[in-house]
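Asker: Supplied in structure tokens, the structure appears directly below.
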Amino acid sequence: MNKAESMPQVVIVSPALRDANNGNWQTARRWQQHLSALFPTRIVKQWPDAEAGKDRVMIALHARRSADAIAAWCAAHPAPAAASGLAVVLTGTDLYRDIQTDPAAQRSLALAQALVVLQECAPESLPADVRCKSRVIFQSTAARQTLAKSPNRLRLVMVGHLRAEKSPETLFAAARSAGRATGNFSRPHRRYPRSGARRGGAADDARRAELPLARWLAA
């Protein structure tokens, strides 16, 4: 048996794969890149599959959308080690919506050996009885060159889906505040939702009307 075959295999369960190119996929891909230097690491959308027997550690993104895979992992690893090697990475949708009301998401919290959150205030949103399992791991990026900024205009960029749990009003409050600070709204405010179409509806139309100079792009 060679060294690669003797290393424990890590499986990352992601609700979205490369074709979606959204936040879940980007997180899964980046973690795979980090872990692959130490362990064989693969990304799947559903578990178990043909390679499940080789997996020794599961990292599941999204407590609700990966709930079936999380439950299957625990069924394949009976008590007392049911949660051994199982970490659940909580998304913003988990924290600010699903774990409040969704039984499948709540069960995922109970089953996990570890809960990973991506910002320091997130543990406060968890039920008290599982908070001790949480660990904050900040997202990181390579250093970027600082570019010169024009003193003549202010450019704001928003990347993401502006669903209710993302607190989109925070963005628009910032845009209004920037407009007041600069004396007008003549500077272009820009939002770039990098994946998915715009949400639509009256609220979205009203926001577009409020910032008529914005450029709205969808991937």
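Asker: When you go through Arg56, Arg64 one by one, which is the residue that is within 12 Å of Val10 (Cβ to Cβ), of a type in the set (D, E, K, R) and free of Cβ contacts under 8 Å to residues at least 60 places away in the same chain?
Answerer: Exactly one of Arg56, Arg64 is within 12 Å of Val10 (Cβ to Cβ), of a type in the set (D, E, K, R) and free of Cβ contacts under 8 Å to residues at least 60 places away in the same chain, namely Arg56.
Asker: When both residues are 6+ apart or on different chains and their Cβ atoms are under 6 Å apart, which pairs have a first residue that lies in the stretch 14-28 and is outside the structural domain of Arg65 (by TED's automatic domain parsing), and a second that is surrounded by fewer than 19 Cβ atoms within 10 Å (Cβ to Cβ) and at pLDDT 90 or above?
Answerer: Taking only residues 6 or more apart or on different chains, not a single pair turns up.
Asker: If I filter the stretch 91-110 for residues that are touching a His at 6+ places or on another chain (Cβ under 9 Å), of a type in the set (A, V, I, L, M, F, W, C) and modelled with pLDDT under 95, do I get at least one hit?
Answerer: The answer is no, given that none of the residues of the stretch 91-110 is touching a His at 6+ places or on another chain (Cβ under 9 Å), of a type in the set (A, V, I, L, M, F, W, C) and modelled with pLDDT under 95.
Asker: Can you pull out every residue in the stretch 167-177 that is crowded, with 16+ Cβ neighbours inside 10 Å and either under 18 Å from Gly23 (Cα atoms) or touching a residue at least 40 places away in the same chain (Cβ under 8 Å) (or both)?
Answerer: Within the stretch 167-177, Pro168 is the sole residue that qualifies.
Asker: Does Ala104 satisfy the condition of being under 17 Å from Val130 (Cβ atoms), not in a strand (DSSP E or B) and not hydroxyl-bearing (Ser, Thr, Tyr)?
Answerer: Spelling it out, Ala104 is indeed under 17 Å from Val130 (Cβ atoms), not in a strand (DSSP E or B) and not hydroxyl-bearing (Ser, Thr, Tyr).
Asker: Tell me, which strands (runs of 3 or more DSSP E) lie completely within the stretch 10-94 with 3 or more residues that are over 23 Å from Arg131 (Cα atoms)?
Answerer: 41-44
The values are calculated or read from the model by the stated rules, or taken from the named source; none is laboratory data. Remember, it's a predicted structure, so these values are computed and weren't measured experimentally. All Cβ positions, glycine included, derive from the backbone under ideal geometry; neighbour counts span all protein chains shown.
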